[in-house]
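Here is the structure we will look at.
The values are calculated or read from the model by the stated rules, or taken from the named source; none is laboratory data. Computed from a predicted structure; not experimentally measured. Reconstructed Cβ throughout: ideal geometry from the backbone, glycine too, with neighbour counts over all protein chains shown. Accessible surface areas use protein heavy atoms only, side chains included; no ligands, DNA or RNA. Shrake-Rupley method; radii C 1.70, N 1.55, O 1.52, S 1.80 Å.
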Amino acid sequence: MNKRIILSITFSVISLTMFAGGILENTNQSVNFLRNPSRDATIGIDGVFSNPAGVAFLPEGWHTQFNWMIVHQDRDTWSGYSHPSYGQLFRLNATEPTTEATNYRRKYEGNVDVPIQPSLYLIYNKEKWSFQFGFGFVGGGGTCEFENGLGSFESLAALTGMGAMGQNGMSLSSYNINTYMKGTSYDLGITLGVARRLSEKLSAFVGLRGIILMNKYEGFLKDISFMASNELSINGTDYVLDCRQNTFGIAPIIGIDYKINDHWNLAAKYEFRTKLDATTTASNNDAFNKLATTSASFGGYIDGASTRQDLPSMLSVGVQYSPISSLRLCGGYHRYFEADAKQFFKDIIDDTDEMALGVEYDINKTFEVSGGMQKTWFHFDDSYESDANFILNSYSFGCGMGVNLGKVKLNVAYFQTNYKDKELTTTNPMGVTNNVKYHRTNRIIGVGVDFNF
C-alpha cells in the first residue's frame, strides 16, 4: 500500500481563507466594512484599520468601537473519475456507501462556522494628535472540519486498495476507512499607532501591528482495510496528527490622508510584510512521526519543527466624494503582495488585486444607510488548487444601517461573498484523471456599537 500518497492528501493543512481580502489577510474588520466594503478613504473609528491617517480628523476626545461578526461558509467539492473503470469507485466504500456516484461524480460538503469574530478600536484625539489602538483577527479566525474526508483522499485510498488486491490476483470488493481532519487558525492582530494633522488638509500615520499566530491541527487515518470477494483482507497502519503552531511577528504600517476640499478626500495605507516563523508542538503517534521524518510534506508537523507563514504586505488607496454633505461615494483599490510572502503551505504565483465601490447616505441626523461591492482577483496556477484548500475569484456585496443615539451609534449589516465556481481536470500521483468542481459561498452578519466622549 502506498501510505505516503494517501497521507499526503489526508493531512493537507487547511488554510482558513474564508473572508474578504487577500489569501492570508482579512479585511472585514468592522461592521462598517460589512455595510460598505470601500472604507479606504472614509473618516471613522474603524479607520484604525482601513484609514488610520484619516482618524486624526475626528473630533477631539475618546472614540471606541466594538464589533461582533458571525461568519458561515459553505465549501463544497464534486469529485468523479472520468475513466469508466473508476466511475463507480465510491460505491465500494463500506463505511460511507453512496448511490450518488452515478455519472462518475460524488459531492463532498464542508462547513466553516465562526460564531464570534470580534474587533475593538480605541482612539484618543488631542489637538493635532491621534493615538490609536486596534484588535482583530487579521488572518484565519475559525475552524474548518472535514468529518467525512475528502474526494482526493478517498479516491486515492480506494485505488491503492485496488492495486494491493491486484498484486494478489484479486479484485477489490469493498474498503473501510476512518478519517477525520480539523484545522483551527487564528492570526490575532494588535495595532498601536499615532497620526498627526500636518495641516488642515493633510495628516499622516505611523504604527506597528503585532501578530500572534495560533494554529491547531487534529486528524487521524485509521481502521483501513481492503476486502476481496473471497474475504481476503489487507489492513493499513493507523496515523494520528495532533499539533499546534505558534509564533509572534511585528510589522510597520504607514498611512496618509489628504482632504482636497469639502467634497473630495484621498487616502493611502501600506502594511509591511509580517515575518511569521512558527514553532510546532506536537503529540502525534509514532507512526506519523516516523513518516514525517522522511517526508518534507509532513516535516512541519512534528515536535520542534519551524515553518514560515508570513502575512503579505498590502497597499490600499481610496477616494471619497461628497456631492452633498449627506451623501458619500467611495472607491478603493487593494494590492496584496503575496508573491513576496514566504509560506509553508502554498507557493503563490502572483499577487492579488481587489477593487471596491460603496455609497453612504444620511437619511436624517439619526439614520444612516450604506451599501457596496468588492471584486477580488487571484493570480496563480490551477495546479495549486486542492479540495482541502481552494482559492476562487469572488465578488462581495454588503449593506446595513447606522443609528445615531447621541454619543452612541449602533451599526448592523449583512455581507455576502459569491465565488466563481471552478472545474478542473487533474491527474493524481497514480496517473488517474479526475474531474473536480469547487464551490464556495460566504455569509456574515454583524452588530457594532460606537462610543464618542
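Has the range 309-332 got at least one residue that is under 23 Å from Ile212 (Cα atoms), outside any strand (DSSP E or B), under 25 Å from the mean Cα position of the chain (by Cα) and at pLDDT below 95? Yes. Of all residues in the range 391-403, those satisfying the criterion of being surrounded by fewer than 19 Cβ atoms within 10 Å (Cβ to Cβ) and either under 22 Å from Asp353 (Cβ atoms) or free of Cβ contacts under 8 Å to residues at least 24 places away in the same chain (or both) are Leu392, Asn393, Tyr395, Phe397. Consider the range 27-75 and keep the residues that are among the acidic types (Asp, Glu) and within 19 Å of Thr376 (Cβ to Cβ). The one that is modelled with the lowest pLDDT is Asp74.
Selection of the range 188-205 for residues being surrounded by 22 or more Cβ atoms within 10 Å (Cβ to Cβ) and at pLDDT below 95 yields only Gly189. Among the residues of the range 391-414, the one identified as touching a helix residue (DSSP H, G or I) at 6+ places or on another chain (Cβ under 9 Å) and at pLDDT below 95 is Ile391.
Count of the range 24-62 residues, restricted to those that are more than 17 Å from Tyr361 (Cβ to Cβ) and not in a helix (DSSP H, G or I), is 18.
Just wondering, is there one or more residues in the range 220-235 that are within 26 Å of Ile43 (Cβ to Cβ) and open to solvent by less than 20 Å² (accessible area, probe 1.4 Å)? So far as the range 220-235 goes, no, none of its residues is within 26 Å of Ile43 (Cβ to Cβ) and open to solvent by less than 20 Å² (accessible area, probe 1.4 Å). Checking every residue in the range 238-248 against the condition of being open to solvent by less than 20 Å² (accessible area, probe 1.4 Å), farther than 30 Å from Arg308 by Cβ and modelled with pLDDT under 95 gives zero matches. Selection of the range 285-330 for residues being of a type in the set (Val, Ile, Thr) and touching a Cys at 6+ places or on another chain (Cβ under 6 Å) yields an empty set. Ala296 meets the stated requirement of being modelled with pLDDT under 80 and surrounded by fewer than 16 Cβ atoms within 10 Å (Cβ to Cβ).
The set of residues in the range 417-436 being surrounded by 16 or more Cβ atoms within 10 Å (Cβ to Cβ) and either at pLDDT 80 or above or closer than 12 Å to Leu34 by Cβ (or both) consists of Thr417, Tyr419. Of the numbered criteria (1) exposed (fewer than 14 other Cβ atoms within 10 Å of the Cβ); (2) under 25 Å from Asn284 (Cβ atoms), the one Leu208 fails is (2). Here the condition is being within 30 Å of His439 (Cβ to Cβ), open to solvent by less than 30 Å² (accessible area, probe 1.4 Å) and at pLDDT 90 or above; of Ser155, Ser185, Ser174, Ser119, it holds for Ser119 alone. Cβ-Cβ contacts under 9 Å between residues 6 or more apart (or on different chains), taken from a first residue in the range 198-224 that is over 30 Å from Leu241 (Cα atoms) and of a type in the set (Phe, Trp, Tyr) to a second residue that is surrounded by fewer than 16 Cβ atoms within 10 Å (Cβ to Cβ) and at pLDDT 95 or above, are listed as Phe205/Val194; Phe205/Arg196. Taking first residues from the range 404-423 that are under 24 Å from Leu58 (Cβ atoms) and partners that are part of a strand (DSSP E or B) and among the polar types (S, T, N, Q), the Cβ contacts under 8 Å between residues at least 6 apart in sequence or on separate chains come to Lys407/Asn452; Val408/Asn452; Lys409/Asn452; Asn411/Asn67. Can you find a residue that is in contact (Cβ under 8 Å) with a residue 12 or more places away in the chain and within 30 Å of Lys182 (Cβ to Cβ) anywhere in the range 254-270? For the range 254-270, residues in contact (Cβ under 8 Å) with a residue 12 or more places away in the chain and within 30 Å of Lys182 (Cβ to Cβ): absent. Of all residues in the range 101-114, those that are at positive phi and at pLDDT below 75 have Cβ atoms under 9 Å from Cβ atoms of residues that are surrounded by 18 or more Cβ atoms within 10 Å (Cβ to Cβ) and not basic (Lys, Arg), 6 or more apart or on another chain, in Asn103/Gly80; Tyr104/Gly80; Tyr104/Tyr81; Tyr104/Tyr86; Tyr104/Leu89.
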